[in-house]
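Accompanying notes for the structure given below.
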Amino acid sequence: MPLPDEESEAEQKVLPKKEPFFYGGQAVIEGVMMRGRRHYAVAVRVPNTLQIVVDRGELNAPIYVNPFWKLPFVRGLALIGEQLHLGMKALMWSANMNAGARDVQIGKREITGSVAVAAVFAMLLFIGLPLVLAGAAVHRSGSFLFVVVEGLIRVGLVLGYLSLIALLPDVRRVFQYHGAEHKTINAYEAGWPLEVSSVRRASLLHPRCGTGFLLVVLVVSVVVFSIVALAQPNWFWLIASRVLAIPIIAGSGFEAIRYMARHRTNAVIKILLLPVLGTQKFTTRQPSDDMLEVAIAAFNAAREGEEEVAAA
C-alpha cells in the first residue's frame with residue numbers, strides 16, 4: 001500500500017522545481033483503490049459479470065486540502081485519518097459491490113460494527129498482550145529491557161498474525177490485489193506503459209508501502225517508549241503512554257519512511273530499506289493478469305481526475 005506523498009507549501013517554495021506527486025493506494029475486496037492529489041478511484045471486478053466497475057471521487061475534506069495537515073509530523077496523523085476515512089469508504093464500497101452481486105445487502109451499521117470490534121481486538125492483541133507478556137518476562141516495567149522485549153513481542157505478533165491470515169483464500173486474494181497495486185505504481189513511476197505486459201514486470205515491493213510503515217512505527221515506538229521508561233511509570237501510565245504516544249510515533253514514522261523513499265538510491269538508505277521491503281512479502285502476493293487490469297483501471301481513473309482539474 002504505497003502511501004501518498006505530497007510536499008508541503010513550504011517545501012514547494014524551497015524546491016527550485018516542484019517534485020511530482022506520488023500516487024498511493026490500497027487493496028480492497030476484489031479490487032484496488034488509487035489516490036491522487038485531489039481525486040481517488042476504486043475499481044473492482046464484479047463476481048457474476050466479471051466486469052470492472054469504477055467509482056471515482058474528489059478529495060475536498062480539510063484533511064486533504066488544509067495546509068496544516070501537510071506540515072511535517074502532522075502529516076503522519078493525516079495519514080491515519082485518511083485511512084480511517086478514505087480507506088474505509090473504499091473498503092465499504094467494494095464490499096457492497098461484491099455483496100450486491102450475490103444479492104446480499106451489507107449496511108453501514110454492520111460494517112462499522114465489524115470495524116469497531118476489529119479495532120478493539122487489535123488494541124488488545126498488539127498493545128495489551130505485548131505488555132502482559134513483557135511484564136511476565138521482565139519484572140521491571142520501567143526498564144529499557146522491558147521496552148525492547150515488548151517491542152520484539154509486538155513485531156513477532158504482527159508478523160505471525162499476517163502469516164496466519166495469509167493462509168485464508170479471501171485474504172490471499174486481497175494480498176494479490178495489494179501486489180497489483182504496487183506493480184502498477186512502480187510501473188508508472190518508472191515511466192513504463194500502463195499495460196498488463198509492462199506492469200507485470202514491475203516489482204512487487206514499494207518503499208512507501210503501509211506494511212513497511214508499520215515496521216518503521218514499531219521501531220520508532222521502541223525509541224519513544226524507552227524515553228517514557230526513564231520516568232519509571234506505573235502500569236496505568238505505562239498503558240496510557242502506549243495510546244497517547246500514537247500521534248508522536250505515527251508522525252515520526254511517516255517522516256522516516258518518507259525520507260527513505262525519497263532517497264532510496266543512497267547506499268545507506270538502501271540497506272535501511274531492506275527490512276522495510278522485506279516485511280511487504282507478508283502482505284503481497286503475485287497477482288494474476290486480470291487483477292493487474294483492475295489496478296490499472298483504478299490508477300487511470302484517479303489520474304484522469306487529476307488531469308481534468310489541471311486542464312480546467
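Looking at the stretch 58-75, which of its residues are within 18 Å of the chain's Cα centre (by Cα) and under 26 Å from ALA295 (Cβ atoms)? Hits for the stretch 58-75 are LEU59, ILE63, TYR64, ARG75. With respect to the conditions (1) at pLDDT 95 or above; (2) open to solvent by less than 60 Å² (accessible area, probe 1.4 Å); (3) farther than 28 Å from MET88 by Cβ, LYS183 lacks only one, and its number is (3). Would it be correct to say that ILE249 is under 19 Å from the mean Cα position of the chain (by Cα), more than 16 Å from PRO2 (Cα to Cα) and crowded, with 19+ Cβ neighbours inside 10 Å? Criteria met by ILE249. Look at the stretch 206-235: where a residue is polar (S, T, N, Q) and a partner is modelled with pLDDT of 90 or more and in a helix (DSSP H, G or I), sitting 6+ places away or on another chain with Cβ atoms under 6 Å, you get THR211/THR279; THR211/GLN280; SER221/ILE249; SER226/VAL147. Screening the stretch 51-69 for residues that are in contact with an Asp or Glu (Cβ under 8 Å, 6 or more places away or on another chain) and at pLDDT below 90 and picking the one that is most open to solvent (accessible area, probe 1.4 Å) gives ILE63. The single condition from (1) in contact (Cβ under 8 Å) with a residue 60 or more places away in the chain; (2) under 22 Å from LEU292 (Cα atoms); (3) of a type in the set (A, V, I, L, M, F, W, C) that VAL171 fails is (1). Looking only at the stretch 266-312, which residues are without any contact (Cβ under 8 Å) to a residue 24 or more places away in the chain, among the aliphatic types (A, V, I, L, M) and under 27 Å from ARG38 (Cβ atoms)? Within the stretch 266-312, ALA310, ALA311, ALA312 qualify. Restricting ILE63, ILE127 to residues that are in a helix (DSSP H, G or I) and in contact (Cβ under 8 Å) with a residue 24 or more places away in the chain narrows the list to ILE127.
One line per residue, one yes/no per condition, for (1) open to solvent by 30 Å² or more (accessible area, probe 1.4 Å); (2) not in a helix (DSSP H, G or I); (3) not charged (D, E, K, R):
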| site | (1), (2), (3) |
| --- | --- |
| ALA261 | no, no, yes |
| LEU274 | yes, no, yes |
| LEU277 | yes, no, yes |
| GLN280 | no, no, yes |
| ILE296 | no, no, yes |
| PHE299 | no, no, yes |
| ARG303 | yes, no, no |
| GLU307 | yes, no, no |
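Against the numbered list (1) open to solvent by 70 Å² or more (accessible area, probe 1.4 Å); (2) under 17 Å from PRO4 (Cα atoms); (3) not aromatic (Phe, Trp, Tyr), GLU255 comes up short only at (1). Cβ-Cβ distances below 6 Å connect the following pairs, each with a first residue in the stretch 80-101 that is surrounded by 20 or more Cβ atoms within 10 Å (Cβ to Cβ), a second residue that is of a type in the set (Gly, Ala, Ser) and modelled with pLDDT of 90 or more, and a separation of six or more residues or different chains: SER94/GLY31. In contact (Cβ under 8 Å) with a residue 40 or more places away in the chain and either within 27 Å of LEU214 (Cβ to Cβ) or open to solvent by less than 10 Å² (accessible area, probe 1.4 Å) (or both): does that describe ALA43? For ALA43, the condition - in contact (Cβ under 8 Å) with a residue 40 or more places away in the chain and either within 27 Å of LEU214 (Cβ to Cβ) or open to solvent by less than 10 Å² (accessible area, probe 1.4 Å) (or both) - is met. Scanning the stretch 231-256 for residues that are at pLDDT 90 or above and not in a helix (DSSP H, G or I) yields a total of 1. Whether any residue in the stretch 135-145 is surrounded by 15 or more Cβ atoms within 10 Å (Cβ to Cβ) and closer than 28 Å to ALA297 by Cβ is what I want to check. Within the stretch 135-145, none of the residues are surrounded by 15 or more Cβ atoms within 10 Å (Cβ to Cβ) and closer than 28 Å to ALA297 by Cβ.
Exactly one residue among SER198, SER241, SER226, SER221 is closer than 28 Å to LEU167 by Cβ and open to solvent by less than 30 Å² (accessible area, probe 1.4 Å), and that residue is SER221.
The values are calculated or read from the model by the stated rules, or taken from the named source; none is laboratory data. All values derive from a computational prediction rather than experimental measurement. Because the Cβ atoms are built from the backbone with ideal geometry, glycine has one as well, and the counts that use them run over all protein chains shown. When the accessible area is computed, the model is the full protein with side chains, heavy atoms only, and any ligands, DNA or RNA have been set aside. Shrake-Rupley method; radii C 1.70, N 1.55, O 1.52, S 1.80 Å.
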